[in-house]
Amino acid sequence: MLSLFNSLPEEDVIIYQTRKLQVLNFELDTKTQPTIKTDTRILLHQSLDLYKEATRLNLFNKDERMEGLGRNLLIELYRLFKTIEREENPFPYCPDFSDILQNMGQIPTPRLLSRLGRHIAKEYRETFQQEPPMFRRYVDGAYCLVKFYPIKYESWLKEKISSFLV
């Protein structure tokens, strides 16, 4: 049993939490619920705690069904993080490096993303004579400042990423 929800079987708790996230994501996507509310953040943190606890207890490695439930929960968490992120950032920005890399047929490893981020920031400083804008973002289990690039520089960004990969 999960220590967070002692009265229900682990599988039922994970399914229930995933469903709550799916409904919330649907409401946010269709603008039924137009803004991020405090209870949205509470649900997000509860779900994240549940995922961490289930991972710590090695529940997602029990069998294929539990592995699938863990994957579904993680997907819904990711969708909600992206929605919150979009609402908190004041201007349209270029896609994530990982999305751009995947579209180019590359596998975005943490090491590659880190090296690429440093390289692009340096190129941005040299080209535009200023620091790239930074915003708080959820990365690897914590919020941190991450550089973003305005959408008007998307072709420049893709060109620099392509040249970096050569």
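This table checks each residue for (1) at pLDDT 85 or above; (2) surrounded by 16 or more Cβ atoms within 10 Å (Cβ to Cβ).
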site	(1), (2)
E76	yes, yes
F81	no, no
L101	yes, yes
L116	yes, yes
H119	yes, no
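Yes/no per residue for (1) polar (S, T, N, Q); (2) assigned by TED's automatic domain parsing to the domain that holds I14:
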residue: L73; (1), (2): no, yes
residue: L116; (1), (2): no, no
residue: T127; (1), (2): yes, no
residue: F135; (1), (2): no, no
residue: D140; (1), (2): no, no
residue: V146; (1), (2): no, no
residue: E154; (1), (2): no, no
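Yes or no: R65 loosely packed, with under 13 Cβ neighbours inside 10 Å, modelled with pLDDT of 85 or more and touching a helix residue (DSSP H, G or I) at 6+ places or on another chain (Cβ under 8 Å)?
Numbers: loosely packed, with under 13 Cβ neighbours inside 10 Å: yes; modelled with pLDDT of 85 or more: yes; touching a helix residue (DSSP H, G or I) at 6+ places or on another chain (Cβ under 8 Å): yes.
So R65 fits the description; yes.
Can you tell me which residue in the range 107-150 is nearest to E87 (Cα to Cα), limited to those that are of a type in the set (V, I, T) and more than 19 Å from the chain's Cα centre (by Cα)?
I120
Pick from the range 39-58 the residues that are aliphatic (A, V, I, L, M), crowded, with 16+ Cβ neighbours inside 10 Å and over 14 Å from N25 (Cα atoms): which of them is farthest from the chain's Cα centre (by Cα)?
Checked the range 39-58; the qualifying residue farthest from the chain's Cα centre (by Cα) is A54.
Got at least one residue in the range 127-141 being at positive phi and either basic (K, R) or modelled with pLDDT under 90 (or both)?
Yes, the conditions are met somewhere in the range 127-141.
Between residues in the range 112-126 that are without any contact (Cβ under 8 Å) to a residue 12 or more places away in the chain and residues that are outside any helix (DSSP H, G or I), which pairs lie under 7 Å by C-beta distance while being six or more apart or on different chains?
Sorted first by the residue in the range 112-126, then by its partner, the pairs are R125/E131.
I need the full set of residues from the range 59-89 which are outside any helix (DSSP H, G or I) and within 22 Å of L24 (Cα to Cα), in order please.
The one that is outside any helix (DSSP H, G or I) and within 22 Å of L24 (Cα to Cα): N89.
Quick check on this structure: which one of D63, D96 is under 18 Å from the mean Cα position of the chain (by Cα) and either free of Cβ contacts under 8 Å to residues at least 12 places away in the same chain or not assigned by TED's automatic domain parsing to the domain that holds V23 (or both)? Step through it out loud before you land on a result.
Working: D63 fails: under 18 Å from the mean Cα position of the chain (by Cα).
Checking each option against the conditions leaves just D96.
Looking at (1) farther than 22 Å from D140 by Cα; (2) at pLDDT 85 or above; (3) of a type in the set (G, A, S), can you tell me which one A54 breaks?
Only one criterion is unmet by A54, namely (1).
Among (1) touching a residue at least 40 places away in the same chain (Cβ under 8 Å); (2) outside the structural domain of L157 (by TED's automatic domain parsing); (3) not β-branched (V, I, T), there is one condition L101 misses while meeting the rest; what is its number?
For L101, the exception is condition (2).
The values are calculated or read from the model by the stated rules, or taken from the named source; none is laboratory data. These numbers come from a predicted model, not from an experiment. Glycine also receives a Cβ, built like all others from the backbone with ideal geometry; neighbour counts cover every protein chain displayed.
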